[in-house]
Structure formats: C-alpha cells, structure tokens
Amino acid sequence: MQKKYSVKLSQIIKGHHLNIIYLPRDAQEIEIGTPEVSRPGLQLAGFFDFFDNQRIQLIGKSEYAYLENFSVEERTKRIQRFFSMMPVAVIITRQMDIFPEMVHAAKEFGSALLSTPEATSEFSSTLISALNVELAPRVTRHGVLVEVYGEGILLLGESGVGKSETAMELVKRGHRLIADDAVEIRRVSARTLVGTSPENIRHFMELRGIGIINVRRIFGIGAVKVTEQIDMIIQLEQWDAKKMYDRMGLENEYTEILGNRVPLLTIPVKPGRNLAIIIEVAAMNNRQKEMGYNAAQELLAKLGMEDDIPESVKPDDWATGH
C-alpha cells in the first residue's frame, strides 16, 4: 500500500506569505493531505455532492461577487452552510475584504481562514505545484544525482564502483551536485521525477581515503543544487569482457521508478576510462535525442542502411516512406 504524505499548514502559510485571519489551532497541527484545490462556487450555490473538505478552498473574485449580490441574511445562510462542511482551510485571494460572516463561521466550525494579495489563478497554480511536490509519492535510492549541462543524471551502481569520485570530477568541471549516497526521488507528475538529498546530509559527500567533505564549502554555492529533474539514469558497473555492451545507441533502454519511464544507460568502468567526460557526452547526446536527433540513425542513413533502423525509432518521414 502506497504511503500517504501530508504537509503542515504552517509550511504553506510561510511558503506563500499568507495572512492569517483565523486559525482554530496551531498551524503546525493542521495537515493538508491532498494536492487538489477547489473554488467553491457550486457549494456556495447549494450543491455539495462530491465535496471534499480536505481540499484547500479558494474564494476568488467570482465567488466574492456572487456572495455580494445577496442580502446579509441570505449571505450568512450560504456561508454558514458552506463552513458547516468543515473545510480544512479557506483562502481569500486578491486581498479582498473579509465578510464578518466568514470569520464567525470559521470560528464556529473550526476552519482555517487565510488571505493572499495574489490573483486567484496565479495563486492556485503556484499552490498546486508546491503541493504536488510536497505530497508526491517518493522512494530513496542509493546513488548520486548530478546536473550536467542542464540534464539531471542519476548515477547508480554497486558500492565502490566510483559514483562519488565521478561526481566530484564533474563538480570540478563546473557541473553541480544534488545528492550523494541517498537520493530522495519524488514523482511530481505522470512524466516527471524530481530528486533531492535528505536535508541532514545535503551537500556532503564521502570520498574513500579522504572522508566526508562539504562540497558547498569547498567549491562554493554554484557547485550544488537542492533539487533537479531526473532526465536519465546511468548504471555504472565493472567491465565484463564477456558482456555485449551497446555500441550503436539506436534504441533507448528504459527503467521504471515510481511508474515513470526514464532512459537508462549502462556504462562499464575500467582503468583508463574518463567517466566524467563520458557522462558529459551522454548528457549532451540525451538532450539531442529528446530533441529528435539520433547520430546512429543518421550514420546508417548515410551508409544506405535505413532498413537496419528499427521502425520504432525511425523519424516520421522515414516511417511513412517520404
């Protein structure tokens, strides 16, 4: 069963600079467990089917103008009915004046009442994005995450294969470290995985023979980054002379993490191979593939060997015969 995560309301208030109108208890004790956000226009009109009181409710200009049309008695009745469903938190956008009836209802039914000066759509987008990250399914992998030429590369492999040493060489060449040893991976959307380091070991790296170092302290703030999207996984393994390694790169190999497919390369390690340079080239080549270019396909085409290119990787003009 997948673990459910939550985020404290205090973190949302601080992160989005919200104004507190009323809190039923300490914001540290109020937890939000869904990234879904609602605008309760239908509820204020009296329709409560499928209403989820665990969602943050946003009252924007439309909802506010709708309530303004009613007499005080009717407005009070509708607001009371809405707050009786005990929404976890209600946020008034655009720094609009708060109806006294809302404050009274929030106190009566124990809902948090907050406000923001931001426009409703802009704030909603920012809030949902932040909640998707905080509440995303996650897993921790033993590896190293680096950013190379804008590509997030997760280095995996057995202990002692040289992941940290390779990452250190990449940092020296101007790239950035996100996580060493433990990489916390979050699935923030159906296509996107984001990696970070557990906070207590962030920016630290273990180098055998030297010990623990602080990359940020030695190389500066430009050598580290807190989070990065994972664009590719590179599996480092000791060279096996009996194993056939991919020498063309026609088709991408993939692996799954939290249900998302990520391109996978297996790179053999042996003395004399400069892994940092190989990974730099792999990052640039992966970017070209994302943009639709494959060097192996072009080479086979120039050699008149288009028939050897699998249909699954042919560009559209080849696949259709044009």
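Quick note: the coordinates plus some simple rules give every number you see, no bench work behind them. Note that the structure is predicted; figures quoted are calculated from it, not measured. Virtual Cβ from ideal backbone geometry, glycine too; neighbours counted across all protein chains shown.
Would you please give the residues with an amide H less than 5 Å from that of Arg39, counting only those at least 5 places away or on a separate chain, with H modeled from the backbone geometry?
Counting only residues 5 or more places away or on other chains, the set is Leu58.
What distance in nm lies between label points placed 7 Å from Cα along the C-beta direction at Thr126 and Asp181?
Reported label-point gap for Thr126 and Asp181 is 3.6 nm.
Just want the ordering: Phe47, Phe83, from fewest to most Cβ atoms lying within 10 Å of their own Cβ. Write down the numbers at each step before the final one.
Working: Phe47 11, Phe83 23.
Least to most surrounded, the residues fall as Phe47, Phe83.
Between helix 100-109 and the chain, what is the angle of the helix's C-alpha long axis to the longest principal axis, kept within 0 to 90° and rounded to the nearest 10?
Approximately 70 degrees, to the nearest ten.
Please state the relative contact order of the chain as a whole percent: Cα pairs under 8 Å, 6+ residues apart? Let's see the in-between values first.
On the way: 534 pairs, mean separation 41.1, N = 322.
Across the chain, relative contact order equals 13 percent.
Any idea how far apart Lys4 and Glu298 come out in nm if each label point goes 7 Å out from Cα toward Cβ?
In this crude spin-label approximation the distance works out to 5.2 nm.
Run the simple label-point estimate for Val226 and Ser189 please: 7 Å along Cα→C-beta, distance reported in nm.
With each label placed 7 Å out from Cα toward Cβ, I get 2.0 nm.
Would you grab the residues whose amide H sits under 5 Å from the one on Ile98? Only those 5+ places off in sequence or on another chain, please, with H modelled 1.01 Å from N.
Those qualifying (amide H under 5 Å, at least 5 residues apart or on another chain) number zero.
Below 8 Å between Cα atoms, with a sequence gap of 6+, how large is the relative contact order for region 34-110 in percent? All intermediate terms of the calculation are to be shown ahead of the outcome.
Values: 85 pairs, mean separation 26.1, N = 77.
Result for region 34-110 is 34 percent.
Could you work out [θ]222 nm for the chain from helices alone, using -39500 (n - 2.57) per DSSP H run of at least four and dividing by all its residues? Round to the nearest 500 deg cm²/dmol. Walk me through the intermediate numbers first.
Numbers: 11 runs with 100 residues, N = 322.
The helix-only estimate for the chain comes to -9000 deg cm²/dmol at 222 nm.
Can you sort His104, His175 from fewest to most other Cβ atoms within 10 Å of each residue's own Cβ? Kindly include the intermediate steps, with their values, before the conclusion.
On the way: His104 15, His175 22.
Lowest count first: His104, His175.
Kindly identify region 138-291 as rounded, prolate or oblate by the Cα gyration tensor criterion: order the square roots of the eigenvalues as a ≥ b ≥ c, call it rounded if a/c is under 1.5, otherwise compare a/b with b/c, prolate if a/b is larger, else oblate.
Values: a/c = 1.56, a/b = 1.16, b/c = 1.35.
Taking the square roots of the gyration eigenvalues as a ≥ b ≥ c, region 138-291 is oblate.
Of all chymotrypsin sites (Phe, Trp or Tyr not before Pro) in region 179-262, which ones are in loop regions per DSSP and have a Cβ with at most 15 other Cβ atoms within 10 Å?
Taking region 179-262 and a limit of 15 other Cβ atoms within 10 Å, the loop chymotrypsin sites (Phe, Trp or Tyr not before Pro) found are Trp239, Tyr245.
Angle check, please: helix 275-290 long axis (alpha carbons) against the longest principal axis of the chain (alpha carbons), in degrees 0 to 90, nearest 10.
60 degrees
Which label belongs to the value computed from this structure, given these candidates for Cα extents along the principal axes in Å: (1) 69, 45, 43; (2) 63, 45, 37; (3) 82, 59, 36?
Derived directly from the coordinates: (3).
Say R0 is 25 Å: what FRET efficiency, to the nearest 0.05, do Ser84 and Ile21 get from their beta-carbon distance? Kindly include the intermediate steps, with their values, before the conclusion.
On the way: r = 18 Å, r/R0 = 0.73.
Once rounded, the FRET efficiency stands at 0.85.
Could you give the length gained by full extension between Arg208 and Val103, i.e. 0.36 nm per residue of separation minus their alpha carbon distance, to one decimal place?
31.8 nm is the gain from fully extending Arg208 to Val103.
If you plug each phi of region 160-166 into the Karplus form 6.51 cos²θ - 1.76 cosθ + 1.60 with θ = phi - 60°, what whole-Hz ³J(HN,Hα) values come out, in order, with x for Gly and Pro?
For region 160-166, the Karplus-derived couplings read x, 6, x, 5, 5, 5, 5 Hz, x marking Gly and Pro.
Mind checking the full-extension length gain between Gln288 and Glu74? Use 0.36 nm per residue of separation minus the Cα-Cα distance, one decimal, nm.
Values: separation 214, 0.36 × 214 = 77.04 nm, distance 6.12 nm.
Once the chain is fully extended between Gln288 and Glu74, it gains 70.9 nm.
With everything on Cα atoms, drop me the angle between helix 120-134 and the longest principal axis of the chain, reported from 0 to 90° to the nearest 10.
Long axis of 120-134 versus the principal axis of the chain: about 50 degrees.
Based on alpha-carbon centroids, what's the gap between region 26-53 and region 146-207 in Å, whole number please?
So the two Cα centres are separated by 37 Å.
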